[in-house]
Amino acid sequence: MITAKKVTKEYSAKRALDAVDLCIPKGSIYGLLGPNGAGKTSFIRIMNQITAPDHGDVYFGAELLRPIDIARIGYLPEERGLYKKMKVGEQVLYLARLKGLTTNEAKSKAKEWFERLEMTGWWDKKVEDLSKGMAQKVQFVTTVLHEPELLIFDEPFTGFDPINTNLIKNEIKRLNENGATVIFSTHRMESVEEICDHIGLIDNGKVMIEGNLLEIRKHYKDGTFAFTTRTSISDWGKHEVLSQKEDPMGYRTVLKAVAFPKDLVISLSQKEALVAFEEVLPTVNDIFIEIVKNGPKPWNHE
Amino acid sequence: MSNPIFLIIQREFLSRVRKKTFILVTLIGPLAFAALMIVPGLLASMPEDNKRIVVLDEPSLLLPHEGKEQYTLEYLDPRENDLELAKDLLRDSEYDALLYIPSGENWDPDFIKNNILLFGKEDPSMELQGYLDYLLEEQINQAKLLKNGVDPEIVAQIKTNVNIKSFTLGEEGNDEQSAVPIKMALGYITGMLIYFFIFFYSVQVMRGVMEEKSSRIVEVIISSVRPYQLMMGKILGIGLVGVLQFIIWIGLSGVLYTVISTLIFPELFAEQAAAGIAGNPAADTVGLEVMDMLRSVNFTTIITGFAFYFFGGYFLYSALFAAVGSAVDQEADSQQFMLPVTIPMILAIITAMNVIQEPNGSLAFWMSMIPLTSPITMMIRLPFGIPLWEVFLSGAILVATFFIVVGLAGKIYRVGILMYGKKVTWKELFKWLKY
């Protein structure tokens, strides 16, 4: 859907993006991750053509990004807001028409969304009279109303209350199932782990790692295993114990094994002490810390 | 797909025109304007408080002069009163002031003129003093003339009032009577109006930019349209609001003036008109002269000039103000940038008097070429008839500068609207130009 090739953007002293190569597959839910100031928003603004890259190209589908593509993108910026004195309905129509919809198209689509999100009756209210949660829903509707092929959410869940967060997560999933490509940009990596299928990790303007989330997590697995046992066991032989705590099923022990701990699994099962056993894949957070510390791990495809 | 800039213009225009404050200001504006025209006339026609002045006139200099409408002079008998008695009288009576004219020795006019005293229960007004000065001077002059054996009648006949009629040399022999006072007034009023409107609407542009920035909607908008389009849409939309307001104001003022003059105060205006046409001969010539002067003013030029310089000045300044608005987070922070931006306009207003006195001087010329002052200064000069090439040159400079400034302001705007929580310095603004 979006392909960035060697995209570089500099602000006076700082290089916000440094030869960034990214590929956001069509139909994916893509997590654009990285700490604050990593360059996520700079990249998003380039996709939205708010700014232009100093070097490099961005492709939308197979073609270079054009001004007209703006109508195919829905963008919820981190800094969001609405005209306070304007009526909700007028505002939704205005923003939709800026994206190229006709008044009638915008009206009928807005009606649909207002019903779906239980917002009917808000049409003639002024934004300043809405609660924060209500304004967030309006903001969401304005982002998706023109049925964009690409949806970009910058820090989507900050400022949303838990009920709205859930509601909106579900709506986003539905839009994705209907064919929209979704980009989440956030520094709270754990918040998107369950929802994203692809990620790109950026730090200091550089792409650290990018690809299918599951593959990446598999690639970065480091021999961490979790055993849940009926009773507390203290002797784990040569394996390094990372954590141990009681849980509803017994005692959960996470350890780092040098190799696959086959013997442990066998002996514990024979003693009928083992309730559950799993390999723990690293979280995105873990991977990020690992990469920042030790650099990316080379892919050696067998 | 319609051009988004029209949508922006439409929103800027409608959201302002539909506001209650717009409707209020637009309707009250002409009322205030009409009041400005009517009230002074009304006040002048109202009877004023009568002041009674008691006069102790030892040399019988003023006697039996009774004063005029506001000031009644009443005389004490100098044989029965002296200054102390008169002061007591003032204290205990309803008189407002006491005028004491001593006779001195020999009734010497030079002694008298230096020793006249005026006492008031309150500070005597400047107007009263002026009036008494005038009366006394007249009487003392006459006394002196008589003393030197000159008949005051002859002096009155000799006294000449020079009345120069000035003309501007016309091209084909039809010289026009020059109309400096009318032109001065016209230049000054239109210049002030331009200043006021440029400032009024430019500040609205700045507020609008700041509103979008502080409400954080701006990033949503500029992901749909170019920042430049948003800025220009705002400037044009608010400019249209100004046009509408003008048209309503002019129309309503006219209607109001007609209504008031024909229905409410018909006798007042009839009087004025009668005085102008058939009343005393002095009023007659003044009226005709004013008519002549008005005819010599080229109103087409002035109206066209006003429209051009209003828009030129407004576009130029509103672009600057938009850049200022984009660079700051709160209105309070805007002061440091606004002052340097408005100084040229203030300069043009300060020098307005000099320009009026010498509309073709070099100060006037240069101020009407510099684009930041030309809308005001050129407007002041226009009624005086300015060589066409100067008008076109100044207009061309203004338009050219507008395009340059809009480009630069757009660059600052583009960066500024996305910059939060940072106190911006001038140095930084210049850096943004290079982003």
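The values are calculated or read from the model by the stated rules, or taken from the named source; none is laboratory data. Nothing here was measured: the structure is a model prediction, and the numbers come from that model. Please note: Cβ atoms are built from the backbone with ideal geometry, for glycine as well, and neighbour counts cover all protein chains shown. Each accessible area value is taken on the protein alone, full model and side chains, heavy atoms only, with ligands, DNA and RNA left out. Shrake-Rupley method; radii C 1.70, N 1.55, O 1.52, S 1.80 Å.
Summary of computed values
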item: Solvent-accessible area per residue, Å², over chain B with all protein chains present [probe radius 1.4 Å]; result: 55
item: The stretch B:311-331 versus the stretch A:206-236: alpha-carbon centroid distance in Å; result: 56
item: Highest to lowest packing among B:316-322, B:399-405, A:46-52, scored as the average C-beta count within 10 Å; result: B:316-322, A:46-52, B:399-405
item: With DNA, RNA and ligands ignored, accessible area of B:Phe119 (1.4 Å probe; Å², nearest 10); result: 60
item: FRET efficiency, B:Ile250 to A:Asn294 (Cβ-Cβ, R0 60 Å, nearest 0.05); result: 0.20
item: Filter on A:Lys6/A:Lys297; A:Lys99/B:Lys431; A:Lys111/B:Lys234; A:Lys137/B:Lys20; A:Lys87/A:Lys111; A:Lys87/B:Lys20 - keep pairs with C-alpha separation over 25 Å; result: A:Lys99/B:Lys431; A:Lys111/B:Lys234; A:Lys137/B:Lys20
item: When each of A:Lys26/A:Lys262; A:Lys85/B:Lys411; A:Lys26/B:Lys423 is checked by Cα-Cα distance, pairs over 32 Å; result: A:Lys26/A:Lys262; A:Lys26/B:Lys423
item: Other protein chain Cβ atoms within 10 Å, averaged over every residue that makes up A:89-98; result: 4
item: Inter-part distance where the stretch B:209-229 and the stretch A:248-282 are each reduced to a Cα centre, Å; result: 56
item: Whole-number D in µm² s⁻¹ for the stretch A:2-217, Kirkwood Cα-pair radius fed into Stokes-Einstein, 20 °C, 1.002 mPa s; result: 120
item: Charge dipole magnitude, Cβ of K and R +1, D and E -1 - the stretch A:175-214, Cα centre, debye nearest 20; result: 180
item: Dipole in debye (nearest 20) - chain B, about Cα centre, beta carbon charges: Lys, Arg +1; Asp, Glu -1; result: 4260
item: Estimated distance in nm for a label pair at B:Phe111 and A:Glu240, the labels positioned 7 Å out from Cα along Cα-to-Cβ; result: 12.3
item: Mean Cβ neighbour count within 10 Å, used as a protection proxy, ranking B:150-158, B:231-239, A:269-277 highest first; result: B:231-239, A:269-277, B:150-158
item: Built amide H within the under 5 Å cut-off of B:Tyr75, gap 5+; result: B:Val55
item: Computed label-point distance, nm, for sites B:Lys144 and B:Ala400 using a 7 Å Cα→Cβ extension; result: 6.2
item: Zone residues, the stretch A:205-219, relative to A:Asp247, backbone N less than 19 Å from point 7 Å out along Cα-to-Cβ; result: A:218
item: Structure-based [θ]222 nm, chain A - -39500 (n - 2.57) summed over DSSP H runs of at least 4, per residue, nearest 500; result: -9000 deg cm²/dmol
item: Estimated buried accessible area (total), pair A and B, 1.4 Å, Å² to nearest 100; result: 2600
item: Inter-chain shielding of B:218-231 (mean C-beta neighbours from other protein chains, 10 Å cut-off); result: 6
item: Length-normalised contact order of chain A in % [C-alpha pairs under 8 Å, at least 6 apart]; result: 21
item: Selection from A:Val254, A:Ser232, A:Ser243 lying farthest towards where the dipole of the stretch A:222-280 points positive, charges on Cβ; result: A:Ser232
item: Bins of 20 Å, starting at 0 and running to the largest distance - Cα pair percent for the protein assembly as shown; result: 12, 29, 24, 16, 11, 5, 2, 0
item: Net charge over other residues, Cβ less than 13 angstrom from the Cβ of B:Asp123 (K, R count +1; D, E count -1); result: -1
item: Check: the protein assembly as shown dipole with +1 on Lys, Arg Cβ and -1 on Asp, Glu Cβ, in debye; result: 4840
item: Contour minus Cα-Cα distance for B:Asp77 and B:Leu193 (0.36 nm per residue); result: 36.0 nm
item: Carbon + sulfur, % of accessible area of chain A - ligands and nucleic acids excluded, 1.4 Å; result: 50
item: Partner chain coverage, peptide A:72-79 - average Cβ within 10 angstrom; result: 4
item: Whether chain B is rounded, prolate or oblate, judged on the alpha carbon gyration tensor where a/c under 1.5 counts as rounded; result: prolate
item: Whichever aspartates and glutamates have a C-alpha closer than 14 Å to that of A:Lys107, once near sequence neighbours (fewer than 8 apart) are set aside; result: A:Glu90, A:Glu115, A:Asp124, A:Glu147
item: Inter-centroid distance (Cα atoms) of the stretch A:13-77 relative to the stretch B:343-418, Å; result: 44
item: Of B:Gly130, A:Gly27, A:Tyr94, farthest towards positive along the dipole that unit charges on Lys, Arg, Asp, Glu beta carbons give the protein assembly as shown; result: A:Gly27
item: A:Asp263-B:Lys165 pseudo-label distance in nm [points 7 Å out on the Cα-to-Cβ vector]; result: 12.9
item: Rounded, prolate or oblate (a/c below 1.5 giving rounded, otherwise prolate when a/b exceeds b/c) for the stretch A:222-280 by Cα gyration tensor; result: oblate
item: Accessible carbon and sulfur surface of chain B relative to its total accessible area, %, 1.4 Å; result: 64
item: Table column - 3J(HN,Hα) (Hz), the stretch A:127-142, Karplus curve with 6.51, -1.76, 1.60, x for Gly and Pro; result: 4, 5, 8, 8, 6, 4, x, 5, 4, 5, 5, 4, 4, 4, 4, 5
item: Signed unit charges on C-beta, dipole axis of chain B, positive-most listed residue B:Leu347, B:Gly67, B:Val424; result: B:Val424
item: Accessible area per residue in Å² at 1.4 Å probe, computed on the stretch A:1-152; result: 41
item: Chain lengthening between B:Leu388 and B:Glu153 when straightened (0.36 nm per residue, less Cα-Cα); result: 79.3 nm
item: Residue-averaged [θ]222 nm for chain B, counting only DSSP H segments that reach four residues, each worth -39500 (n - 2.57); result: -22000 deg cm²/dmol
